[in-house]
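Taken together, the values in this text are just the output of simple stated rules run on the coordinates, not laboratory data. Keep in mind that what you see is a predicted model, and the values were worked out from it rather than measured. Cβ: placed from backbone, ideal geometry, glycine included. Neighbour counts: every protein chain shown.
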Amino acid sequence: MAKREANIINTYADLLAYEEALDRSISGISLGNDEEETRLAEQGAHDPTPTPYFVLEDLFSHYTFGQDSHLLDVGCGAGRVLAFFAHSGFPGHATGVELDPLLADAARTWTSRYDNLDVIQGSALDLDLSPYTDFYLFNPFSPSVLQQFIESIECQVPGPSTVIHMSDNGDTWRYVGRPGWTEIASGSFTSYRNARGRQVKVYDHPQHYTVWRYQGQ
């Protein structure tokens, strides 16, 4: 986030307004849907939660994107991560997968104007994961579904890949000790700090993340 923009963010309301303006400049719609509850809880889906741009800026520094990179945003919602990818001018391609047909349709509609973005409606467990080099998760589904997804990566992804699990809610242990997995970074977010050092509270409780490198087997 540019310092010129950060200087005007002094409250949480300022941050939300900034993010909505950026959403609309990239996609034409608001991508913030954190008040919405999932309609698909029985299938293991969690509520859609857009990642703040300042969090994505930090987390995406752990990726190294090239022309052959292909990011999969698991549980993409209306497409906040895809918007950040497009706005930042990263090389390569980004795909969102979303179980909810209404959210997937919204994301598919606006991403159709970008050649390096696309959206798949369906379950991440039904995808062929072999084309993807990078994965992003914001606590998209239940622990049992997460377990299956990790196993799918192990079975299908042939080469090294990077997995960022944001708001992992204690699920870090599901990666620990598995052959081929190495934790390369971890941390948490509670507040946004503007260019003048002012803290703006975003989360009531720290949102932990881990970054994993999977070397393949």
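Which value at 222 nm does the chain reach when only helices count, each DSSP H run of 4 or more adding -39,500 (n - 2.57), with the total divided by all residues and rounded to the nearest 500 deg cm²/dmol?
Details: 6 runs with 61 residues, N = 217.
Value at 222 nm, helices only: -8500 deg cm²/dmol.
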Around Cys76, with a cut-off of 13 angstrom between Cβ atoms, what is the net charge of the other residues, counting Lys and Arg +1 and Asp and Glu -1? -3
Contour minus end-to-end for Tyr203 and Thr190, with contour as 0.36 nm per residue of separation and end-to-end as the Cα-Cα distance? 4.2 nm
If the chain between Gln215 and His62 were fully stretched, how many nm would it gain, using 0.36 nm times the residue separation less the Cα-Cα distance? 53.5 nm
Which is the longest stretch in the chain that no exposed loop site breaks, taking sites as GluC sites (Glu not before Pro) with a DSSP loop state and at most 13 other Cβ atoms within 10 Å? 38-217
With labels modelled as points extended 7 Å from the Cα through the Cβ direction, what inter-label distance (nm, one decimal) is found for Arg113 paired with Glu183? 4.2
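Evaluate the relative contact order of the chain (contact order divided by residue number), counting alpha-carbon pairs under 8 angstrom at least 6 apart; express in whole percent.
Values: 397 pairs, mean separation 41.0, N = 217.
Here the relative contact order equals 19 percent.
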On C-alpha positions alone, give me the angle between the axis of helix 101-111 and the longest principal axis of the chain, in degrees, nearest 10. 70
Where the Cα atoms of the chain are projected onto their three principal axes, how long is each span, largest first, in whole Å? 48, 38, 35
Which is the longest part of the chain that has none of the trypsin sites (Lys or Arg not before Pro) sitting in a DSSP loop with at most 12 other Cβ atoms within 10 Å? 1-112
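Of all DSSP beta bridges in the chain, what percent run antiparallel (nearest 5)? Let's see the in-between values first.
Details: 18 of 37 bridges.
So the antiparallel bridges in the chain amount to around 50 percent.
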Quick query: amide H of Ala185 versus all other amide H atoms, modeled in the peptide plane; which residues come in under 5 Å with a sequence gap of 5 or more or a different chain? Val211
Two pseudo-spin positions, 7 Å from Cα along C-beta at Gln156 and at Ile8, lie apart in nanometres by 4.2
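For a Förster distance of 22 Å, can you work out the FRET efficiency between the beta-carbons of His70 and Thr172, rounded to the nearest 0.05? Working shown, then result.
Values: r = 25 Å, r/R0 = 1.13.
Once the sixth-power term is evaluated, E becomes 0.35.
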Short version: ³J(HN,Hα) in whole Hz for each residue of the stretch 150-158, in order, from phi by Karplus 6.51 cos²θ - 1.76 cosθ + 1.60 (θ = phi - 60°), x for Gly and Pro, what are they? 4, 5, 5, 4, 4, 7, 10, 8, x
